[in-house]
1. Which of the residues spanning the stretch 155-179 are touching a strand residue (DSSP E or B) at 6+ places or on another chain (Cβ under 9 Å) and of a type in the set (D, E, K, R)?
2. Of the residues VAL127, VAL131, VAL103, which is over 16 Å from THR230 (Cβ atoms), out of contact with any Pro (no Cβ under 7 Å at 6 or more places or on another chain) and not in a helix (DSSP H, G or I)?
3. Kindly indicate the residue of the stretch 100-112 that is within 21 Å of THR175 (Cβ to Cβ) and touching a helix residue (DSSP H, G or I) at 6+ places or on another chain (Cβ under 7 Å) and also surrounded by the fewest Cβ atoms within 10 Å (Cβ to Cβ) among those meeting that condition.
4. Looking at THR85, THR44 in this structure, which one is over 22 Å from GLY220 (Cα atoms) and out of contact with any Pro (no Cβ under 9 Å at 6 or more places or on another chain)?
5. Since PRO115 meets every condition but one in (1) surrounded by 11 or more Cβ atoms within 10 Å (Cβ to Cβ); (2) assigned to a loop (DSSP other than H, G, I, E, B), which condition does it not meet?
6. I need the full set of residues from the stretch 148-162 which are touching a Phe, Trp or Tyr at 6+ places or on another chain (Cβ under 7 Å) and surrounded by 19 or more Cβ atoms within 10 Å (Cβ to Cβ), in order please.
7. What helices (runs of 4 or more DSSP H) lie completely within the stretch 136-249 and have 1 or more residues being more than 17 Å from the chain's Cα centre (by Cα), within 25 Å of LYS116 (Cα to Cα) and modelled with pLDDT of 95 or more?
8. For residues in the stretch 76-86 being without any contact (Cβ under 8 Å) to a residue 60 or more places away in the chain and outside any loop (DSSP other than H, G, I, E, B), which is surrounded by the most Cβ atoms within 10 Å (Cβ to Cβ)?
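The values are calculated or read from the model by the stated rules, or taken from the named source; none is laboratory data. In this text the structure is predicted, and so the values were computed from the model without any measurement. With ideal geometry, Cβ positions are generated from the backbone for all residues, glycine too; neighbour counts draw on all protein chains shown.
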Amino acid sequence: MRKYLTFLYLFFVVSFSYQVMSHQLAGSFSSYRIPGRAIDFPNTSKYQTIVADLHTHSVFSDGHVWPNIRVSEALRDDLDAIAITEHLGMERPQWTEKGRRLVHVLRNNPDAFAPKKRWAMDWYYPVLCGVISGKEAEKRISEKWNEFVVEEIGCLCVLDQPWVTIAETAELAITLAKIGNQDKAYELLSWTDKCRDKDGAYWMGKQYSENVFWPAEKPGWTSAAVILATDALSGLSLGSEIFLKDDLI
């Protein structure tokens, strides 16, 4: 459970950071800003000024709001970037117990949840999050590989549509690395290059039967998924193994 929450949390933070750095927020979130609230720090003749809040907390440690609220606050203040700096080592016994119960149900009674078998995430997420591991994980990925993966293109979002998405493809690459199939993980991630635009951002997905990028969007969280997968496979950062080793969380 904690690994699943951490995955979503990191995905969210990297996504926001990518959008800020690529200046995608300038027009999309203008309605969030409150006139007169932001403090203006002008650029100099040689340098661009970046305004950032490097010390914030959320409910994941001793803060009182969720990370999305911190982002909304940053947008209202017209900040370029924020760092959500949580405290480590805080006990959450209720989370731990609920996590154990959730893992037990996922492993032993998956039909307790509403059926989502058409979604690729329902296939690989239990492995990515460490709920299913070892030979059982390898078997799970192998059994539906030909259903969800279109060779040389990527991972489907849903079974009944000819649509691959970059985020699912990148997440599946991390999953493959987690079960020890590094070569296939690198190959799968390399397919995403075909959906990278000239500005460096990735299209959300591709409708391959019509050979068009769809939707015509390049969301930050899509590129964030590729960043996380590249880090996991290449070991570029100190957090690169966070999805690969269950004992890190």
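1. Selection gives GLU168, GLU171.
2. Matching residue, one of VAL127, VAL131, VAL103: VAL131.
3. Here the answer is VAL105.
4. Values: THR85 fails: over 22 Å from GLY220 (Cα atoms).
After applying the criteria, what remains is THR44.
5. Single failed check for PRO115: (1).
6. Of everything in the stretch 148-162, those that are touching a Phe, Trp or Tyr at 6+ places or on another chain (Cβ under 7 Å) and surrounded by 19 or more Cβ atoms within 10 Å (Cβ to Cβ) turn out to be PHE148, GLY154, CYS155, LEU156, CYS157.
7. Details: elements: 145-148, 166-178, 182-190, 220-234.
Where helices (runs of 4 or more DSSP H) fall fully within the stretch 136-249 and carry at least 1 residues being more than 17 Å from the chain's Cα centre (by Cα), within 25 Å of LYS116 (Cα to Cα) and modelled with pLDDT of 95 or more, they are 145-148.
8. Filtering the stretch 76-86 down to residues without any contact (Cβ under 8 Å) to a residue 60 or more places away in the chain leaves 76-79, 83, 85-86.
Still in the running and outside any loop (DSSP other than H, G, I, E, B): 76, 83.
Values: ARG76: 14, ALA83: 12.
Per the criteria, the residue is ARG76.
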